[in-house]
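Just so you know, all these numbers are worked out from the coordinates, no wet-lab data involved. It should be emphasised that the depicted structure is a prediction, and the values quoted were computed from it without experimental measurement. Cβ placement follows ideal geometry from the backbone for every residue including glycine, while neighbour counts extend to all protein chains displayed.
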Amino acid sequence: MEKVDAVVVGAGVVGLAVAQEVSRFFPNVLVIERHAGFGQETSSRNSEVIHAGIYYPKDSLKARTCVEGRALLYEFCLKNNIPHKRLGKLIVANTPAEIKKLEELFKAGLDNGVSDLELIDEKKIRKLEPNIRAKAAIYSPSTGIIDTHSFMQALSWFIKKNQATIAYNTELIRINPKKHGFEITVRDTREGDFVFLTRILINSAGLNSDKISALAGLDKPEYKIKYCKGDYFRLKTNKSKFVYHLVYPVPLPQAGGLGIHVTLDLIGSVRLGPDDEYVDKIFYDVDSNKAGDFCKSAKEILPFIDSLDLEPDIAGIRPKLQGPNEDFRDFIIKDEKDQGLFGLINLIGIESPGLTASLSIARSVKDLLKNYA
């Protein structure tokens with residue numbers, strides 16, 4: 001029976017980042033991906049923002065990996081000519097309650113080690129963004145955007161350079177824990193089923209990460225993934241030229257995400273979204289009837305738009321651990337040796353800021369694997 005050192009399940013941005021790191025230290029690494037290419041789900045359906053690390057509780061994995069990952073990601077982009085821009089972001093407030101929340105968020109960002117934040121007034125806002133409506137804002141100059149496809153393409157190149165293999169159209173269908181690893185069965189859509197052994201199994205399956213964990217015998221309620229769908233709309237007129245930075249509202253406690261925000265892409269087009277809708281199945285249709293609601297929400301910040309300026313864009317689904325109105329849940333980055341599953345590394349609930357944090361998460365996995373080297 002064929003043997004490998006490590007299998008990474010999932011070729012999204014986190015799985016690829018992990019694989020390129022692990023393949024530097026283990027000679028025989030295999031990435032399996034059920035789709036025909038990398039990043040077909042959450043990794044290609046998001047805002048493509050490099051986050052600073054403001055929003056997350058102090059000492060959480062989300063905070064630590066975001067702050068560390070941001071620095072690593074900018075360094076990677078510069079070294080490997082990955083298209084990106086350090087645009088800066090404004091988190092804006094208009095009401096006294098929003099301004100109070102803004103001040104709390106500012107302190108949280110500083111506590112997380114985001115040292116370049118500024119709390120700015122309306123006069124400074126006008127210099128940065130003369131066309132938006134805001135009384136106060138946090139200015140985050142180190143927030144940016146990235147061409148995620150180019151980033152994943154570079155990661156896949158490094159994986160192959162490290163003599164590792166990426167198997168597309170290949171689905172993990174069975175896991176049989178053994179004394180020194182795992183016997184796994186995969187199904188290739190063209191060539192049928194294959195069975196082989198691996199010492200290490202890294203679950204980076206995103207929307208299906210709870211199901212992969214269950215295949216290994218860990219069907220835990222706290223690992224259950226909730227699908228949170230977010231639609232985006234794009235400004236279809238030349239009004240994109242009126243926005244120069246990423247612009248976010250102060251996040252509301254009851255929201256599933258950061259609120260409908262304003263992002264730019266690398267060619268200067270403006271996109272609004274995502275909203276938050278918990279769903280029972282994966283689908284990517286954008287409801288064009290939401291244009292009015294999106295416009296109403298965004299108009300509080302962008303007074304110059306109307307619903308006729310918006311056209312449906314993309315939708316994405318975030319693999320959340322918390323459901324509607326539930327408290328914060330952190331990333332799960334865990335060696336399951338305490339469950340008797342030596343060599344199983346679970347990465348579950350890796351939603352935002354997963355893109356920003358990806359290279360830091362990869363280092364965390366490498367550290368967990370030191371006992372298996």
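Matching residues to (1) in contact with a helix residue (DSSP H, G or I) (Cβ under 9 Å, 6 or more places away or on another chain); (2) loosely packed, with under 15 Cβ neighbours inside 10 Å; (3) not hydrophobic (A, V, I, L, M, F, W, C):
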| residue | (1), (2), (3) |
| --- | --- |
| Leu102 | no, no, no |
| Val114 | yes, no, no |
| Leu155 | yes, no, no |
| Gly181 | no, no, yes |
| Val195 | no, yes, no |
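If you go through the range 264-302 and keep only what is part of a loop (DSSP other than H, G, I, E, B) and either within 17 Å of the chain's Cα centre (by Cα) or under 18 Å from Glu41 (Cβ atoms) (or both), you end up with Asp265, Pro274, Asp275, Asp276, Asp280, Lys281, Ile282, Phe283, Tyr284, Asp285, Val286.
Applying the selection to the range 315-364, what residues are within 14 Å of Gly12 (Cβ to Cβ) and aliphatic (A, V, I, L, M)? Ile317, Leu347, Ile348, Ile350, Leu355, Ala357, Leu359, Ile361, Ala362, listed by residue number. Taken over the range 343-369, the criterion of being among the acidic types (Asp, Glu) and touching a residue at least 40 places away in the same chain (Cβ under 8 Å) is satisfied by Glu351 alone.
Quick grid of which residues meet (1) of a type in the set (Val, Ile, Thr); (2) surrounded by 15 or more Cβ atoms within 10 Å (Cβ to Cβ); (3) touching an Asp or Glu at 6+ places or on another chain (Cβ under 7 Å); (4) in a strand (DSSP E or B):
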residue	(1), (2), (3), (4)
Ala36	no, no, no, no
Gln40	no, yes, no, no
Ile54	yes, yes, no, no
Lys58	no, no, yes, no
Val92	yes, yes, no, yes
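Taking Ala136, is it among the small types (Gly, Ala, Ser) and farther than 30 Å from Gly192 by Cβ? The answer is yes for Ala136.
Since Glu336 meets every condition but one in (1) in contact (Cβ under 8 Å) with a residue 40 or more places away in the chain; (2) in contact with a helix residue (DSSP H, G or I) (Cβ under 7 Å, 6 or more places away or on another chain); (3) of a type outside the set (Phe, Trp, Tyr); (4) over 18 Å from Ile260 (Cα atoms), which condition does it not meet? Result: Glu336 passes all but (2). What single numbered condition from (1) without any contact (Cβ under 8 Å) to a residue 60 or more places away in the chain; (2) closer than 26 Å to His35 by Cα; (3) aliphatic (A, V, I, L, M); (4) in contact with a Pro (Cβ under 9 Å, 6 or more places away or on another chain) fails to hold for Ile173? Single failed check for Ile173: (4).
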